[in-house]
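Okay, structure first, notes after.
Taken together, the values in this text are just the output of simple stated rules run on the coordinates, not laboratory data. None of the values given here were measured: they were computed from a predicted structure. A quick note on method: Cβ atoms are made from the backbone with ideal geometry, for glycine too, and the neighbour counts reach across all protein chains shown.
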Amino acid sequence: MRPAGEVRQALFDAALALTTPERSPTLLELAHYAQVGYVAARRTVDNMRRAGILVPVRDRKVDYRNRPVAEYCPRKRLQQASGTKCPLREAFATWSVSIV
């Protein structure tokens, strides 16, 4: 398997840098931070989404478009966030009778 290209690596690094628990970057923010062209970023992000590297997590209303735009998060970061402890979930997991 060949290594990831420069555009793909730059967009992945941008997604890691810009993703926070409250907010993830849009396609335009990824392209701007990675300093790549919009067309190249759009095609590469679509390929990364299909490959499962980037995951659309939510939609956000922006000023420059009438429709909401997708926010993208690296799957690696998403898996780290889902590993947090939740006391209520742990209590239900130890419950002897199914609650559903």
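Given just the C-alpha atoms of region 8-70, how large is their convex hull per residue in cubic angstrom? Please report the intermediate quantities before stating the final value.
Details: hull volume 5.4 nm³, N = 63.
So the per-residue Cα hull volume is 86 Å³.
Highest mean packing comes first when the peptides 11-19, 60-68 are listed by Cβ atoms within 10 Å, giving 11-19, 60-68.
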